[in-house]
Structure formats: C-alpha cells, structure tokens
Amino acid sequence: MRIVFVTQHLTDGGAERGMIAFANALAHIGEDVCIAYMEDIGIDYTLSSNVQTFLIHHNSNVHIPRLRGLCNILLPVKLLRELSGDVFISDNLSLKYNWKVWIATLFSRARMVYAIVNNMEKKELDQKKREQYERTCRQADAIWIQTEGQRELLPSYAQRKAFQVRNILDKQFLNTQKTYNKEVCHFVSAGRLHPQKNQELLIVAFARMLKRTGNNTATLTIYGKSKISIFKTEEKLKMLIQKYHLEERVFLPGWVKDMEDRFAQADAFVFGSDYEGLPYALMEAMGSGLPCISTDCPTGPSDLIKSGENGILVPVGDVDAMSQAMELFIKEPRTAEQMGRQARRTMQEWDSDEELAKQLLSQLKRICS
C-alpha cells in the first residue's frame, strides 16, 4: 500500500508534527510512505530516510489570469496523481487544498482520508472556510479523529465515516531526566502564538498570581512562534507583558527544537487553549513529568488529565481559576511533584509508535478494501 500524506507545509505545528510522526512510524514497519506539501518554508522535524517528500507547486507562471487560475488547479492535481497513492491523507490545516486532493482521487482506486486534528466545530471559521470544511467532510472516504469527543462534534453524516487513532508521543519526552525542585518557580507553556492558544490568559493569570502572593521569583516562559501575521498575537502578548510590567518575569523566546530539555528544567506547565484536538504540547509536558494545568477544552485535555490526580483542569477562559491553580503549585510544591510523577505514569501507558501505526494501517486497509 502506498500512503501519501498531504499537508500545507512542514514547519512547527501539531498537524505537521503528527503527520511526520506517523509517516516515520509507518515507514519503520515497512510501508511505502511519502509526504506531499504545498509551501516550501522549511522542515522543522526529523524525517526518516525512508519517507520521500514532494513539493507540489501550485503557482503557475502563465500570465493570462484565467489560464493561470486553471493551471493552478490542474498542476497540483497532476502532480498528486503522479504519486500513485492508494490513500491520500489530508489535514485540516490546508482547507483550500483539500478539494484538489479529492479531484486527484477521482476516477481512480485511490481513497481520501481527511485528518481532523483540531476541534473544528468550535473553531472560529468564516463562512467560506466553514463551507470548505463541510465540503471536505462530505468528499472524504473516511475521517481520522484523535478523540471520541471529536466524533460527537461532527455532523451526523461525518460521524458515520470517522475512525479514531490517537497521536504518537515522541519517546524522547518520556526519557528526560526530570528532577523536582523544592519550590515551583519556572512555569512554561508551548504552542503556536495564535488566538486559539489564548496565551493572553496565561499572562494575566500569572500577573494576578504574583500580585496576590507577593512572589518575587516565579517566571513564565511561552515557547512558540506566530505563522499568521493577521492576528498579531506576538505583538499583543508583548504589549500585555509591558502593561503588567513583567519584562523580567515573562519571556517569549520563540520556537525551539529541544523542548524535551526545556521541560526537564521547568517546574510546571500551563496551557490556556480555547479549543483543541489532542494537544501534542500537553502530551509531551506530561510525558516529561511536569505537573500540568490546562483549560478543559471540549476535546483533548480531559482525555489526558484527571483533574486533581495527574494535573489540574480549569474552565476555558477562566483567568481566576488558572491563577489559583498556579498559586496552588507555588504553595504546595509536593502536590505539584506528585501530579507530575502521575502525569508521566499516565503517558508511559500510551500506545507505542508501532502500535499506533498498525492501528492506522488497519483502518487504511479497511477503507481501501
């Protein structure tokens, strides 16, 4: 079976990370796997030498507008067809490309799988993107979800063709040498700088915690970068840091490759998302043994955290609840350590790369048959 993953680009992000992880795992068990991507802006993750990559150009040099538009449709379709895939797996971060993947599978034996890696029902989509999303759900032969909660948020026609395979957890996070300090001082977060991730909530909650407790040692470091300039998320976060005079306490170092080392040095992880699929950052923080505080999104965090045992869940958008949870870790570092150790045990029970790859392969074979 030839499996073709199709995505927009191969830079930082949960969708890209997940596709590469599954491509590597499938290649490791002997499957024929390749990745087709639309934008060449670099590769942030390690690819197996057994996984081929193809840049699918979609911008024609033709100067006649209508003819150029036609070429921009036909050229990607032609290149995708030439990959001769048995199944094409397209992610929800490339809504504007999914219909081209669908056309590439028409009148052929190939099947199209739509990977929904987010909570699309709660995502702030404009009308055009909402129509693209619903059209892709109808066109796909199957829909790949990571949690059963995602299924419940799909339209009924999409629920019937959805199957669940959870995300792969990188073993390097389970292998970090975690030590626990006597005090909780260094909070960290990780994720795209994007309104969905609501890092503003974390900064305001942290500021309130500092004011209430008089703490003069705690810091908050938010790792990640912004890919979509229209939201101006990084600029807004910097303004918020200045507003609360936190220049020496809150840091935005950007995206880094060695997050396992950053987690090993941190004391606690905080996550403020308004909606999620099954968040890699939270999985990795828990796997590293960090005590975690997360908003209780409709899907994702509650599949990982049992509040009060291996972490803390707080209501979405609730600044006071997030602030109070941070304060708990500050005042009760022993409780935080116990939650961190239990979080790691939770992730140690996660299915292996090979097991998850075989689960996905079984679903793909069923779809193709």
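The values are calculated or read from the model by the stated rules, or taken from the named source; none is laboratory data. Here the structure is a predicted model, which is why all the values come from computation and not from measurement. Using ideal geometry, Cβ is built from the backbone for each residue, glycine included, and neighbour counts are taken over all protein chains shown.
Just one of the numbered conditions (1) farther than 21 Å from TYR45 by Cβ; (2) assigned to a helix (DSSP H, G or I); (3) among the aliphatic types (A, V, I, L, M); (4) touching a Pro at 6+ places or on another chain (Cβ under 7 Å) is not true of LEU313; which one? Every listed condition holds for LEU313 apart from (2).
Of the residues that sit in the range 24-45 and are surrounded by fewer than 15 Cβ atoms within 10 Å (Cβ to Cβ) and in contact (Cβ under 8 Å) with a residue 24 or more places away in the chain, which one is nearest to LYS171 (Cα to Cα)? Among those that are surrounded by fewer than 15 Cβ atoms within 10 Å (Cβ to Cβ) and in contact (Cβ under 8 Å) with a residue 24 or more places away in the chain, it is ILE29.
Scanning the range 318-369 for residues that are in contact with a His (Cβ under 9 Å, 6 or more places away or on another chain), surrounded by 15 or more Cβ atoms within 10 Å (Cβ to Cβ) and either acidic (Asp, Glu) or at pLDDT below 95 (or both) returns a single hit, ASP353. Taking GLN132 as the residue in question, decide whether it is in a helix (DSSP H, G or I), in contact with a helix residue (DSSP H, G or I) (Cβ under 7 Å, 6 or more places away or on another chain) and farther than 24 Å from ALA104 by Cβ. No; evaluated as a whole, the condition is false for this residue. Residues that are surrounded by fewer than 16 Cβ atoms within 10 Å (Cβ to Cβ) and part of a loop (DSSP other than H, G, I, E, B) within the range 139-161 comprise PRO155, ARG160, listed in sequence order. Going by what's in this entry, would GLY287 be described as modelled with pLDDT of 95 or more and in contact with a Lys or Arg (Cβ under 9 Å, 6 or more places away or on another chain)? Yes. The criterion of at least 3 residues that are assigned by TED's automatic domain parsing to the domain that holds ASN119 is met by the following strands (runs of 3 or more DSSP E) wholly inside the range 162-268: 162-164.
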